[in-house]
Amino acid sequence: MKKLHFILVSSLVFTLLFYNEDLGLNWAIFGILQTAFICYFFQDKITSRAHLILVVTSVLSCFAFAWYGDFPSFFAMVLSIIFLQFKTQEPKLKLLQALPLVVINGIASLGRIFMFSQYLPKRKVNNGFAKKLIAYFVIPVLFFGLFLIVYSFGSDHFSSLFTGYYLDIDAWQAFVLTALGFFISFTFWNYWIPEVCYEKNNVLDNDFKAEAKMQNQNSFSFLDIDFERRSGEITLFLLNILLLVFITTYNYEQFFEVAKKSYLSSDTHERVTAVIFSIIMAVGVILFYFKGGFNFDEKAKNLKKLAKFWIFLNGVLILTTIIKNTEYVSFFGLTYKRLGVYAFLILAIIGLLISFIKITKQKTNAFLFNQMIWYFYGTILLCSFVNWGNIITHYNISVNKGVEPIFLSGLNFNDEMRRDYFLQNKLDGLYLEISKEKEISRMQSNTFLSKALYYEFLPNK
């Protein structure tokens, strides 16, 4: 089978799956179909551990969407299949280019669809049956249908000969779905990679080229390398002093200063936000000074020591923030936002460790991003696989924190536990609970292809 066949089959399946249906199992089925097509089409290329991992995560994320039918699982499924397709079809290109290329192709496909010479077969059909099918059926039916439409508009009596029969088909919906399915399938299977992506791909390598090791690339054209090195030492020395003072005052405010309960939430959020920005900027400082041949400067030993100490201090800042967030959770209970803080701080620690490796092993700046995209992807998968709403509900009920009825009714996929808790304690989530139960009833009454399996295993209230 050629890519054109996959495009046509995918378009047809898309129309059949989504006609008169909402988003549900149909997306999961469509995702599994694309995964199977990739495995079949690129079966000779799926050999590495990364390929096998992406195949497994693609299938699992499809099942996750079939179960939950929410945005995190949808995003995980789309990301998994895109990464699998990109990694398999273009193994030499860095994964960082995948998402920008999806956006570029989404726009470019609007015009490329009409460039028939690029994807329609150019060779003559050699198969006798195929020749007969095209010559005796496809071409005549195509012209017959076109002139039938034209003549129907020119004569009411002629039109009445064919309008006495009625098929219960929404022609407009079928057309839109077919067009959308073809667009998605075309963009996915026949995507275009600009030449510049191949030309600049080496910029995203993890290791420096031999010539880069021999060149000291200074950041400021008006400064010599010696002045820039000393500038970096002074900058990082001052930043380390500043960070030490900040950690001292930050921890005093966090753990020793008595704050009013009413201001505790807002104060904590403000401080965590400040920490988030500081960590991002801290990594930016590392990337700024340790690029190009500057990594191989034998005179930069002091600069490297200051940078490593800078990384260590930022790690201390993250750990104290984790401790405070844990204290905050024990005081108020879990929320999605507090779990998100944990996720970011863990990713920040990983980012600092990779930055440390970058300095020690003399890696490029792209090394950090090439590694972090996998950890980001793993975080997305974790968000889609785990029922966080149920975990939050279970924890909060067990510690009797954050158990306000409206808050519990606002969480996702905690329905069975929430109902039992409300029944035992004679609680009511008011309007939010009513809307939640209406949504559950609607999801349970959906047709098969529009279902999310989670609601099928949820008992009726």
Explain nothing, just compute: Karplus ³J(HN,Hα) = 6.51 cos²θ - 1.76 cosθ + 1.60, θ = phi - 60°, for every residue of region 237-242 in order, whole Hz, x for Gly and Pro. 4, 5, 5, 5, 4, 4
In whole Hz and in residue order, list the ³J(HN,Hα) couplings for region 313-326 that follow from phi through the Karplus curve 6.51 cos²θ - 1.76 cosθ + 1.60, θ = phi - 60°; x for Gly and Pro. 5, 5, x, 4, 4, 5, 4, 5, 5, 4, 4, 5, 5, 5
Please compute the length gained on full extension between Phe237 and Leu430, using 0.36 nm multiplied by the number of residues separating them and subtracting their Cα-Cα distance. 63.8 nm
Considering only the other residues whose Cβ falls under 15 Å of the Cβ of Ala50, what net charge follows from Lys and Arg at +1 and Asp and Glu at -1? +4
Step through the table entries Lys426/Lys461; Lys45/Lys209; Lys324/Lys436; Lys92/Lys361; Lys87/Lys337, compare each Cα-Cα distance with 25 Å, and write down the pairs that go over it. Lys45/Lys209; Lys324/Lys436; Lys87/Lys337
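For region 388-456, what mean projected area does the convex hull of the alpha carbons give, in nm²?
4.6
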Quick calc: nm separation of the 7 Å Cα→Cβ label points for Phe255 and Ala50 -> 4.1
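To the nearest 20 debye, what charge dipole does region 336-453 have about its Cα centre, counting +1 at the Cβ of each Lys and Arg and -1 at the Cβ of each Asp and Glu?
On the way: 13 positive and 8 negative charges, 110 e Å.
Magnitude of the dipole: close to 520 debye.
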Convert each backbone phi in region 80-89 into a coupling constant with the Karplus relation 6.51 cos²θ - 1.76 cosθ + 1.60 (shift: θ = phi - 60°), then list the ³J(HN,Hα) values in order as whole Hz, x for Gly and Pro. 4, 5, 4, 4, 5, 4, 5, 5, 7, 6
Quick one: check the C-alpha center-to-center distance for region 31-73 versus region 303-352, whole angstrom. 32
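Read the figures in this text as sums done on the coordinates, not as results from a lab. None of these values were measured; they are calculated from a predicted model. Methodologically, a virtual Cβ is constructed for each residue, glycine included, from the backbone with ideal geometry; neighbour enumeration extends over all protein chains shown.
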